[in-house]
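Read the structure below first, then the notes.
Readers should treat all values here as calculations from the given coordinates under stated rules, not as data from a laboratory. Being a predicted model, the structure only gives us computed values, none of them experimental. Please note: Cβ atoms are built from the backbone with ideal geometry, for glycine as well, and neighbour counts cover all protein chains shown.
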Ligand SMILES: Nc1ncnc2c1ncn2[C@@H]1O[C@H](COP(=O)(O)OP(=O)(O)OP(=O)(O)O)[C@@H](O)[C@H]1O
Ligand SMILES: [Mg+2]
């Protein structure tokens with residue numbers, strides 16, 4: 001009875017069925033007082049046991065549903081997801097992602113900034129953050145609850161919620177496309193705007209994010225090599241059915257009037 005009491009206190013949604021040789025009325029009342037959901041007497045008949053377990057399971061499902069509607073699951077229509085990808089390294093994808101996130105924050109939205117440049121992500125470095133939790137901590141969790149998400153996120157002094165890349169780049173591989181999808185879904189149900197730095201290297205995780213994005217930005221610089229890189233990426237996304245060309249937004253960074261390639265040419 002002590003054990004039943006402890007189980008039902010610590011796990012309130014678990015239905016306990018007690019099996020006993022003594023089925024006197026006293027024991028029945030005591031068992032119910034301790035929190036048992038059913039009582040089965042020995043020798044056990046299969047039917048009796050099945051009935052009691054099923055009744056307890058039904059009760060438990062009801063309680064869980066009730067508890068979860070009290071705020072432990074994500075609800076709501078979901079925020080806007082913006083991915084930022086570099087046409088090649090160093091074109092300014094990270095700076096763009098950070099500035100976009102800060103601008104969204106400044107206009108009064110709740111914003112998450114995600115470093116999905118899994119191997120070489122440097123948002124933590126740009127924002128001078130030291131925090132050991134990362135996307136990898138969420139990668140192996142099938143049901144990301146708001147609490148689990150909140151634990152993995154760093155609340156920056158700017159107000160941005162940061163989900164960082166792992167400190168050890170090789171661990172980035174642990175984030176599969178499936179985990180990425182789950183992480184992005186969890187984030188968009190919690191934040192109005194989710195900005196994701198996808199870096200300049202494609203992998204399953206950032207491809208999944210780009211597929212889910214409301215806006216997919218491709219950052220390039222106005223020079224021949226970067227623009228060719230951008231075209232290659234747009235074609236690759238089309239081939240792999242990640243994103244249609246007309247649904248990709250190209251952003252030209254570091255543009256001045258003197259640069260070799262002017263915007264009409266890039267289009
Ligand atoms: N418009 C800009 N004006 C001035 N400096 C810029 C601009 N855009 C980017 N930079 C600088 O260029 C450098 C590279 O930018 P950033 O790290 O954002 O590029 P990236 O595409 O994310 O590179 P990586 O391949 O390392 O991920 C940084 O030092 C950044 O401050
Ligand atoms: Mg970067």
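Using 0.36 nm times the number of residues separating residue 49 and residue 236, minus their current alpha carbon distance, what extension gain do you get?
That works out to 61.5 nm of additional length.
Could you work out [θ]222 nm for the chain from helices alone, using -39500 (n - 2.57) per DSSP H run of at least four and dividing by all its residues? Round to the nearest 500 deg cm²/dmol.
-13000 deg cm²/dmol
For the residue pair residue 201 and residue 256, what label-to-label distance in nm results when each label sits 7 Å from Cα along the Cα-to-beta-carbon direction?
Output for this residue pair reads 3.2 nm.
What do you get for the angle between helix 177-190 and the principal long axis of the chain? Use alpha-carbon atoms, 0 to 90 degrees, nearest ten.
80
With an 8 Å Cα cut-off and a minimum separation of 6 or more residues, compute the relative contact order for the chain in percent.
In percent, rounded to a whole number, it is 21.
For the stretch 139-229, state what percent of all Cα-Cα pairs lands in each successive 10 Å bin, counting from 0 Å until the bin that includes the largest distance.
Computed distribution, short to long bins: 14, 45, 31, 9, 1.
Which order do peptides 41-48, 120-127 fall in by mean Cβ count within 10 Å, highest first? Don't jump to the answer; show the numbers that get you there.
Numbers: 41-48: 10.5, 120-127: 17.4.
Taking the mean over residues of other Cβ atoms within 10 Å, the ranking is 120-127, 41-48.
Could the peptides 183-192, 89-98 be put in order, highest first, of the mean number of other beta-carbon atoms found within 10 Å of their residues?
Packing proxy ranking, top to bottom: 183-192, 89-98.
Going by how many other Cβ atoms sit within 10 Å of their own, how do 244, 231 line up, fewest first?
244, 231
For the chain, just the Cα atoms, rotate onto the principal axes and tell me the three extents in Å, largest first.
For the chain, the Cα extents along the three principal axes come out at 94, 40, 33 Å.
Report for the stretch 80-266 the percent antiparallel among DSSP-assigned beta bridges with both residues inside it, nearest 5.
Counting DSSP beta bridges with both partners in the stretch 80-266, the antiparallel share is about 10 percent.
Which order, highest average first, do 204-215, 159-170 follow once you tally other Cβ atoms within 10 Å for each residue and take the mean per peptide?
The most tightly packed comes first, giving 204-215, 159-170.
Place a point 7 Å from Cα of residue 225 in the direction of its Cβ. Which residues in the stretch 84-105 have their backbone N less than 12 Å from it?
Taking a point 7 Å out along Cα→Cβ of residue 225, the residues of the stretch 84-105 whose backbone N falls under 12 Å are 88-91.
Contact order normalised by length for the stretch 169-267, with contacts defined as Cα pairs under 8 Å and 6 or more residues apart; what percent is it?
For the stretch 169-267, the relative contact order is 27 percent.
At residue 173 and residue 185, where each label point lies 7 Å from the Cα along Cα→Cβ, what is the point-to-point distance in nanometres?
My value for the distance between the label points is 2.7 nm.
Provide the gained length on full extension for the span residue 249 to residue 110, in nm with one decimal, where the gain is 0.36 nm per separating residue minus the Cα-Cα distance.
The residue 249-residue 110 span can extend by a further 47.7 nm.
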